[in-house]
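Notes for the one structure printed next.
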Amino acid sequence: QAADSKREQFRRYLEKSGVLDTLTKVLVALYEEPEKPNSALDFLKHHLGASAPENPEIEALRLEVAEMKEKYEAVLEENKKLKTKV
């Protein structure tokens, strides 16, 4: 009976923390895939990783990439203008 009680507590913990809901959504997405992936585990890892809370370091890197893209576009434009002057 103690084992059943521990299982029930654990189940409630998973439910409250949103784990059961998230796993259910990912498994339903896999079920609804018209062409099943070769690796169901990779599918789960990818989809669970996509729904994980955003890491501040990742967000900082995304901002840096966006800034670098802007600078790159500006340099390309400047290069184009300089080529027309030559």
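The values are calculated or read from the model by the stated rules, or taken from the named source; none is laboratory data. Predicted, not measured: the structure shown is a model, and the values here were computed from it. Cβ atoms come from the backbone with ideal geometry, glycine included; neighbour counts cover every protein chain shown. Remember, those area values only see protein heavy atoms, side chains included, never the ligands or the DNA or RNA. Shrake-Rupley method; radii C 1.70, N 1.55, O 1.52, S 1.80 Å.
Points to keep in mind about this one:
- Split the accessible area of the chain by element, probe 1.4 Å, and carbon with sulfur accounts for 58%.
- Cα-based helix-to-principal-axis angle, 19-32 vs the chain, degrees rounded to 10: 70 degrees
- Principal-axis analysis of the Cα atoms of the chain puts helix 56-85 at an angle of about 20° to the longest axis.
- Which label in (i) 1.04; (ii) 1.98; (iii) 1.39 gives the computed Cα Rg over 2.2 N^0.38 Å: (ii)
- In the chain, the calculated helix contribution to ellipticity at 222 nm averages -27500 deg cm²/dmol per residue, counting -39,500 (n - 2.57) for every DSSP H run with n ≥ 4.
- FRET efficiency estimate (nearest 0.05) - Cβ-Cβ, V86 to E33, R0 41 angstrom: 0.15
- In the full protein context, the chain carries 93 Å² of accessible surface per residue, based on a 1.4 Å probe and ignoring ligands, DNA and RNA.
- Straight-distance crosslink candidates among lysines, where the alpha carbon sits under 28 Å from K80 and sequence neighbours closer than 8 are dropped: K69, K71
- The angle separating the long axis of helix 40-50 from the principal Cα axis of greatest extent in the chain is about 70 degrees.
- The trypsin sites (Lys or Arg not before Pro) of the chain include none that DSSP puts in a loop with a beta carbon having at most 16 other beta carbons within 10 Å.
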